[in-house]
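Since the structure comes first, as structure tokens, the remarks are kept for the end.
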Amino acid sequence: MLYPPQQRVLDAALRQLDLLPGDSNHTVAAASMDTAGRIYAGVNVFHFTGGPCAELVVLGQAAAAGPLVTMVAVGDRGRGVIAPCGRCRQVLLDQHPDCLVIVPGDGEPDLVPVRKLLPHAYNSPEAAPERVVRFNPRYYDAVLDGSKTATTRFDDPCAVGPAWLLFEFDEGYKRLRGVIESVESKRLDQLTDEDAEQEGGMVAADLQNGLRGHYPAIQPESPVDFVRFRVEQTSTWT
């Protein structure tokens, strides 16, 4: 299932596909969205020496945009959504590790973190990408006023350092400049009332129940990351 922001990215790629001239040099269109909600689109450039895929053309278009949060490619001749090749997966992982990729699903397109598309990936020591932490939009006010200073993640890694805190409303994005101060790994059943209070005023049992509802596969012994953050700069609708 695609939410409205991701559907807008797919629609942009399909519009770009309709503009293809119908020759063998341009057979795939791609589109991506950044944390400000701006969409970038492009097409592949086939050449026997190794022309760029559509996804890489889009990365060039968005070079000054900051982190990208969604990417999709669509093929000509009715192929619909297509998954990125291995090279594109590695480039996306290095430059935009928090990007979600729209891929073919069971009847409908699916949304997958790029890290899931490239298990056991090579990690470039030179890569220093901007990071993104996604939040349900209902938490925006609590994060903004400082009553929520932590988030608990399951199979959703975060890294210490600067990050965009991204709130994905249907009608657009809101984002805050933030800093991830610490990431503490523990079991779900080891979360404390103190942890829950930093999450927004709950007790541990409420936090654990909420995580079970959000992550159906989570178990009491499952490892989670308790992530503490602070807001550095606020913003308006993007």
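A few points about this structure:
- Among (1) within 21 Å of the chain's Cα centre (by Cα); (2) at pLDDT 95 or above - the single one Lys186 does not satisfy: (1)
- All strands (runs of 3 or more DSSP E) inside region 69-126 with 3 or more residues being open to solvent by less than 70 Å² (accessible area, probe 1.4 Å) and under 17 Å from Ala54 (Cα atoms): 80-82, 100-103
- Condition broken by Asp34, with the remaining ones in (1) crowded, with 20+ Cβ neighbours inside 10 Å; (2) in contact with a helix residue (DSSP H, G or I) (Cβ under 8 Å, 6 or more places away or on another chain); (3) among the charged types (D, E, K, R) satisfied: (2)
- Among the residues of region 211-238, just one is modelled with pLDDT of 90 or more, among the β-branched types (Val, Ile, Thr) and not in a strand (DSSP E or B), namely Ile218.
- Candidate set: region 159-192, residues that are under 26 Å from Met33 (Cα atoms) and basic (Lys, Arg); chosen: the one surrounded by the most Cβ atoms within 10 Å (Cβ to Cβ): Arg175
- Among residues of region 12-40 being assigned to a loop (DSSP other than H, G, I, E, B) and among the charged types (D, E, K, R), the one that is farthest from Val69 (Cα to Cα) is Asp23.
- Restricting Asp156, Asp206, Asp195 to those that are surrounded by 14 or more Cβ atoms within 10 Å (Cβ to Cβ) and in a loop (DSSP other than H, G, I, E, B) reduces the list to Asp156.
The values are calculated or read from the model by the stated rules, or taken from the named source; none is laboratory data. Bear in mind that the values here come from a model prediction, so they are computed numbers and not experimental data. Here the Cβ is made from the backbone with ideal geometry for all residues, glycine too, and neighbour counts use every protein chain on show. Just the protein is used for accessible areas: all its heavy atoms, side chains included, with ligands, DNA and RNA removed. Shrake-Rupley method; radii C 1.70, N 1.55, O 1.52, S 1.80 Å.
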